[in-house]
Amino acid sequence: MSTKTGSYKTYQSHARHTGSNPAAHIPDPRLLLLPQEILKDARVLDIGCNNGAVSGHLLLRHAVKSVVGVDVDEKLISKSRSHVNFMLSRVRPSDPSGRGEWYPVSSVRKYGSRIPPAEVCERGRFWCGDYVTAIDPAAPSAGGGCAGYDVVFALSVVKWVHLAHGDSGLRSFFEKVAVDVKPRGYFVLEPQGWESYARAVGKNPELRGVFEGIRVRPGEGMEGLVAACGFRLVRRWGVGASEGGWD
Amino acid sequence: MFVPRQLQRKALRQQPKEPASLVPPEKSTKDDHIDPTLAKEMVMTLEILFSDYGIESGPPEWFSARMRSVEGESDFIHLSALLDCPLLAEMKPKPSQMTFRKALTQCPPDLLQLSKDRYYIRRRHEYLPSSKSPARHQKDLDGSTIYIEPHVTGITLNPGRVARMLSQSAMPRKYLPVQFVEAGDTAWAFVILSTAVSHEDAENQELWPRGWIVMTKHEWIRRDEEYQQLRRRRRPTLPTRIRLPERHDGASGSSAQEMWPDRPIAPTVPAGPASAREDDQKMNADYEPGLIVYLTNLHPQTSKETITSFITRQADRYNRKKSSSKAKGNFVPKDEDGPPVNINYVDYQKGLTTAYLRLRKAQDSELVVSALRKRKRMMQDGSDKKGKKVGIDSGRNDWVKATNVEGNEERIYWEKVLAAKWGGKGKNKRKRPSQPATLDVRPSDERKQTDGGRPSKKVKSSD
């Protein structure tokens, strides 16, 4: 499963880059790069939420109003729910210092989380499915009552969408995001490099067929595809074309 | 110019050998050095082991059994004898006698003294007896204890790394050296420093390693109690997750307890409302008596699988021997060697020398006890499934022994097992040590032998 969809444990974590697994209270450096005003009180969609680490940070440190996470792996969805519950349990109800992790991790682990699941769901909702093909009943693209998201995140997930569905699937992906994001909303995209595609194919040769048919490469056409789906590049971070922000 | 290879070789052979230098060649230092960070962590782990708290919290027999006289001086411990210390269990790469030797040469510790041959170590006599932590009042101990959440997970299990990172931070030097690190789990630990830590210092994030959450023990108690109250208020209908035995903070999994499971460790946190709640929620254990066997004298590096194989073999051989002796008098069919032993679960934690066996039937328990008593086999190493016979004349008494757990001990054990099953989730369950091995619900006669009859503080007063 993980070699097909990239649902590796701690995939979203920057442990992949630093070589160690950061504690839950360490902020995700990618989120710190973003202008915080776009996140404040925002409704956020986290595509490929993995274990909910990014969603938890968004809720805890970036003052977003609510997060909806989606991932293809049922286990990771379950993890995301408990992770967000864990992170919210650490916050003092009226925290004058504004620091998230007021209660020790030992207390939460020892006694269990303090927030009822229903309350967690109000701020962090997670659903399992392939974002390109599955339907979130609450999403505007599905005709639900949801008013769309202020910010949509696709961090380190485009490669897997691309390898699973090819160029046409990638286009569908961007089009669906364009529907889900509010007008004047933001789409934060972290594409992976082409060499990373090759590594994924090396691990799972079943992906080779789609891989060989890919014409839209990151840095060579992907930006154009995103723009064709209705987005405008606002800002680029990181090295080369590896990271970008769209609206 | 092209020179055929054969001629090249010939020319080489004909070269006069250089006269041997009278000065011995400089020995390559490459092999004598290890990574300085690793060296420092190894030395600091040893300093923690030999610290006041380390010595005080450990059973004297652990040290005394390893102490030797070297060059007329006593109290030295061979470096190889330290390798099974659980404090080193999470160190990577795994230390060896040689890496210890190199580390100690590279970073000579103040607290420790290396023998002339550099294979033995002891605490410097000028530091003994210490006026520091061992006899410190509990209140003082709490004052010098800080709660930490490091920036990465996992390092709390490596006391040397925690100590190294603290020593390299901007924390006031008066707090050093680190006396002990009690790991809660991979995310948090209690660190006992040399002097009391002020609240201001603990609050000042500049002083501590970057990204760490640090608070005094008192502050931790305050937040912990507040969390419990808040949790009860917000989730009155949900059950409290029950953690098993007491440790430094009342939770399980401390390094000290893992190291010295037979020693009672006084909980430094007063029993809070949650403890009372836990007591209230104790279930009426409904269990079949006579299924639990307590094993002692296991090898500390053994595993559950090895224990299973070891016990099964002993029971099997015992049965075989019994039937063959019967067969001398009467005819016994070959397949009637007696029933094989059925082990449901081995309750064991790496690094301990004790374990609990949960067997399928009471007859299995009796069989295990009888087999081990008769066969007197000791485990020579962690993977020893056969065991070595301990001769009667050898004067040794360290064969693997089994005792039936009965009465109150048995009831407490089952309550804890049920509580663990009821309260834990998969991941947390894995993080916890196999509870009963540290529960100290041993048969009372044995507890008297090792504890001098003191009631263990690890077990709550439910008995």
Sites B:SER169 and B:LYS304 - FRET efficiency at Förster radius 25 Å, r taken between beta-carbons, to 0.05: 0.05
Stokes-Einstein D for region B:141-232, Kirkwood Rh over Cα pairs, 10 °C, 1.306 mPa s (µm²/s): 121 µm²/s
Karplus-derived HN-Hα couplings along region B:298-305 (A = 6.51, B = -1.76, C = 1.60, θ = phi - 60°), whole Hz, x at Gly and Pro: 6, 6, x, 9, 6, 9, 4, 5
Principal axis dimensions, region A:16-98 - Cα atoms, whole angstrom, descending: 36, 27, 24
Portion, in percent, of the accessible area of region B:141-232 that falls on carbon or sulfur, probe 1.4 Å: 49 percent
Amide H contacts of A:ARG217 (H built 1.01 Å from N, under 5 Å, at least 5 apart or other chain): A:MET222
Three-way shape call for region A:23-64 based on the alpha-carbon gyration tensor, with the a/c threshold at 1.5: oblate
Rounded percent of accessible protein surface that carbon and sulfur make up, region B:339-411, 1.4 Å probe: 46 percent
Accessible area of region B:349-412 divided out per residue, in Å², using a probe of 1.4 angstrom: 52 Å²
Accessible surface buried upon B-A contact (total; probe 1.4 Å; Å², nearest 100): 2900 Å²
Diffusion coefficient, µm² s⁻¹, Stokes-Einstein with Kirkwood Rh over alpha-carbon pairs of region B:36-127 at 20 °C and 1.002 mPa s: 163 µm²/s
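The values are calculated or read from the model by the stated rules, or taken from the named source; none is laboratory data. Remember, predicted model here, so these are calculated numbers, not experimental data. Counting neighbours? That spans all protein chains shown, and the Cβs are built from the backbone with ideal geometry, glycine included. Surface accessibility is based on the protein's heavy atoms, side chains included, excluding ligands, DNA and RNA. Shrake-Rupley method; radii C 1.70, N 1.55, O 1.52, S 1.80 Å.
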